[in-house]
Amino acid sequence: MRGVIRRRVAGDRLTEQPDHSLTNVVRMPEREVSPVRAIVRRIAIALIVMFAAVLIVYFDRDAYSDSNGDGVSFLDAVYYVTVSLSTTGYGDIAPVTATARLLNILVITPLRVLFLIVMIGTTLEVLTERSRQALRIQKWRARVRDHVVVVGYGTKGRSAVNTLLGDESVEPNRIVVVDTDQLALDSAAARGLVTVHGSASRADVLRVAGVPRAKAVIVAPNRDDAAVLVTLTARELAPGAHIVAAVRETENVHLLRQSGADSVVVSSETAGRLLGMATSTPLVVNMVEDLLTPETGLAIAERTVEESEVGGSPRHLADIVLGLVRKDRLFRVDSPEVDAIERGDRLLYVRKVTPPGEQ
């Protein structure tokens, strides 16, 4: 235990580092640009730079001398700009007046630098991308509030994200995925999620993910002992957050509860129950799967009661009500405590989900 505490305290140095040093840890979602489009855009920028320089030289062509002595034509201006921007500079065409030389210093030279940046942009793009990422990380860390942190992007974590996005209750950029598997993080980033690379058992990694300001934390690692440690660390950082944890074995539920989890889901036991039900009542399993699938069919949702419903019974509503939440306590619809709906109650009901193509 002392080793764990020492590791967690020593790891807090990560949050003391500047934002630009977190570009290898945090990855902000970004819009993907195809290579062809990026190349076409660079070529277009280069042509615009060249055309601007050609116009400057051509309109001031009397201030340039040509070794042929026949003046500077438009073709000569294009030639001069081409060899100048590429830093070749044969010297056969040169500015001879003070004004032309000043324009070369103040205009042509910056255009030459811009042209080289565009044409040799691969290396510079990596540097500028890191700078953009650092700036976006800085802005995100300053304003992120009430987001959802998902620890572990395996089967359970991915399914949890699918449900959040399917219900449209959370925007993709309001979900932060924490994992040590880079392939899993790449998959999450492709969906527009914010990703943090690191072990969620370390307090500094959870701080970088914004756990102290999160509204909910979903703990879904592959091991129960990791789930206990992550839950304990997350609860310490965010006393007011709603923490949901998944475990494989029922015997570890009380450890998650003691560590601060508000809800615990036993994945192996739940799957086992569905398997057992499927042998005798497969249609019941189909209905359960329908309720748990947010994209189509039926889904379990929550809403506040309307003023016209106050005083009535939830069993007499048009919606199929399964339960009622009163003062953070859940009552089944057949409980005597919920014979009459009160102001401030919330209803758990079955709603029909309309596929996006049919809306």
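FYI, it's all coordinate maths here, none of it is from the lab. Only a predicted model underlies this, so the values are computations on that prediction, with no experimental measurement involved. So basically every Cβ, Gly included, is an ideal-geometry build from the backbone, and we count neighbours across all protein chains shown.
Counting other Cβ atoms within 10 Å as a rough exposure proxy, the listed residues LYS139, LYS156, LYS327, LYS215 run LYS327, LYS139, LYS215, LYS156 from fewest neighbours to most.
The order of ASP62, ASP179, ASP224, going from fewest to most other C-beta atoms within 10 Å of their C-beta, is ASP62, ASP224, ASP179.
Between LEU102 and LEU55, the modelled label-to-label distance comes to 2.2 nm, taking each label 7 Å out from Cα in the direction of the beta carbon. Converting phi to 3J(HN,Hα) with the Karplus coefficients 6.51, -1.76 and 1.60 and the offset θ = phi - 60°, the stretch 186-193 yields 4, 5, 5, 5, 5, 8, x, 8 Hz in sequence order, with x at every glycine or proline. For LYS215, the lysines whose Cα comes closer than 20 Å to its Cα, not counting residues fewer than 8 places off in the same chain, are LYS139, LYS156, LYS327. Normalised by the number of residues in the stretch 296-358, the mean separation of alpha-carbon contacts (under 8 Å, six or more apart) gives a relative contact order of 50 percent. Modelled label positions at ASN222 and ALA340, each set 7 Å beyond Cα in the direction of Cβ, lie 5.6 nm from each other. Going from the fewest other Cβ atoms within 10 Å to the most, the residues ARG174, ARG343 appear in the order ARG343, ARG174.
By how many nm would the segment from LYS139 to GLU306 lengthen if fully extended, with 0.36 nm per residue of separation less the alpha-carbon distance? That works out to 56.3 nm of additional length.
Taking a sphere under 14 Å around the Cβ of PRO239 and counting the other residues whose Cβ falls inside, with K and R at +1 and D and E at -1, yields a net charge of +1.
Hey, with R₀ at 45 Å, roughly what FRET efficiency would ARG351 and GLU236 work out to, going by the Cβ-Cβ distance, to 0.05? For ARG351 and GLU236, the calculated efficiency is 0.80. Fully extending the segment from LEU317 to LEU274 would add 12.5 nm, taking 0.36 nm per residue of separation and subtracting the current Cα-Cα distance.
Annotation for SER73 and ILE117: the two label points, set 7 Å from Cα along the Cα-Cβ direction, are 3.5 nm apart.
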